[in-house]
Each structure stands twice: as C-alpha cells, then as structure tokens.
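*Asks:* Would you mind keeping the following structure in view while I ask a few things?
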Amino acid sequence: VQLQASGGGLVQPGGSLRLSCAASGSISSINVMGWYRQYPGKQRELVASITIGGSTVYADSVKGRFTISRDNARNSVHLQMSSLRPEDTAVYYCNALLHGLVYWGQGTQVTVSS
C-alpha cells in the first residue's frame, strides 16, 4: 500500500483545511486508517482514526473541530480541520493498518498563523 497525502498549507487561526490521503490500491480491506501529526523534536501522535466499519477515534485536542472520513470507492481518507489553532501547526501523516502491517504516507505541513 502506498499512501499520498495532500492538502496542507498555511491558514489563519480559525480557518479550515482539508487533508486528503490517496491509497495506491483498494482501501476497502484496510482495517484502520488514520492521521497523525508530529511536532519538531516530538513523536508522532494520533489525531484521528477510522476503522473499516466507520468507527472513529479523535484526540481530545481536536474533538469537535476535526472530522475524519474514508471513501472506499475512491481509495481515500480525508481529514476536515476547522477552527484551526496555532497549536495545530505540525507535519501531518496518514497511515494505514493492513494485515498487521503499518504503512505511512509522506507528511504534509500544516501551518496555522496570522
């Protein structure tokens, strides 16, 4: 599985961005897909994940502001981010769990600044 992330950029506080992650093959059998973020010098942390059945998990810091969704027909997973804050500034990575293996896409930078 190859994952290609896109949609990062610079946005003002309170603004919105939509991240997308396209998989090279069908994602219908991928158990869990998720978005992580990484601050400089820190480990990656979970932002949100979605199971094959559509169950979602969110980090407390993004609940009510971010929404994860997956489109099995288009082999993609998305992260809609609203009410963005400067502390959301990080490199965001999509990942996939399939048959016990974890796959990562390349990161996409999200910068929230006025």
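*Asks:* Name the one entry in GLY54, GLY64, GLY25, GLY34 that is on the phi > 0 side of the Ramachandran plot, outside any helix (DSSP H, G or I), of a type outside the set (Phe, Trp, Tyr) and open to solvent by less than 50 Å² (accessible area, probe 1.4 Å). Give the steps one after another, and end with the answer.
*Replies:* Numbers: GLY64 fails: open to solvent by less than 50 Å² (accessible area, probe 1.4 Å); GLY25 fails: on the phi > 0 side of the Ramachandran plot; GLY34 fails: on the phi > 0 side of the Ramachandran plot.
From the options GLY54, GLY64, GLY25, GLY34, the qualifying one is GLY54.
*Asks:* Filter segment 93-109 for residues that are out of contact with any Leu (no Cβ under 6 Å at 6 or more places or on another chain), part of a strand (DSSP E or B) and closer than 19 Å to LEU17 by Cβ and give the result.
*Replies:* TYR93, ASN95, THR108, GLN109
*Asks:* Taking the residues in segment 76-94 that are under 9 Å from the mean Cα position of the chain (by Cα) and at pLDDT 95 or above as candidates, determine which candidate is surrounded by the most Cβ atoms within 10 Å (Cβ to Cβ).
*Replies:* Going through segment 76-94, the residues under 9 Å from the mean Cα position of the chain (by Cα) turn out to be 77-80, 92-94.
Remaining after also requiring at pLDDT 95 or above: 78-80, 92-94.
Numbers: HIS78: 21, LEU79: 26, GLN80: 16, TYR92: 24, TYR93: 21, CYS94: 29.
Result: CYS94.
*Asks:* Can we say GLY15 is without any contact (Cβ under 8 Å) to a residue 12 or more places away in the chain and either farther than 14 Å from GLY105 by Cα or outside any strand (DSSP E or B) (or both)? Please lay out each step first, then the result.
*Replies:* Numbers: without any contact (Cβ under 8 Å) to a residue 12 or more places away in the chain: no; either farther than 14 Å from GLY105 by Cα or outside any strand (DSSP E or B) (or both): yes.
It is false that GLY15 is without any contact (Cβ under 8 Å) to a residue 12 or more places away in the chain and either farther than 14 Å from GLY105 by Cα or outside any strand (DSSP E or B) (or both).
*Asks:* Are any residues in segment 37-51 in contact with a strand residue (DSSP E or B) (Cβ under 6 Å, 6 or more places away or on another chain) and either touching a residue at least 60 places away in the same chain (Cβ under 8 Å) or on the phi > 0 side of the Ramachandran plot (or both), and if so, which ones?
*Replies:* Once the filter is applied, which keeps residues that are in contact with a strand residue (DSSP E or B) (Cβ under 6 Å, 6 or more places away or on another chain) and either touching a residue at least 60 places away in the same chain (Cβ under 8 Å) or on the phi > 0 side of the Ramachandran plot (or both), segment 37-51 yields ARG37, GLN38.
The values are calculated or read from the model by the stated rules, or taken from the named source; none is laboratory data. Owing to the predicted nature of the structure, the values given are computational and were not obtained by experimental measurement. With ideal geometry, Cβ positions are generated from the backbone for all residues, glycine too; neighbour counts draw on all protein chains shown. Note: areas computed on protein heavy atoms with side chains; ligands, DNA, RNA excluded. Shrake-Rupley method; radii C 1.70, N 1.55, O 1.52, S 1.80 Å.
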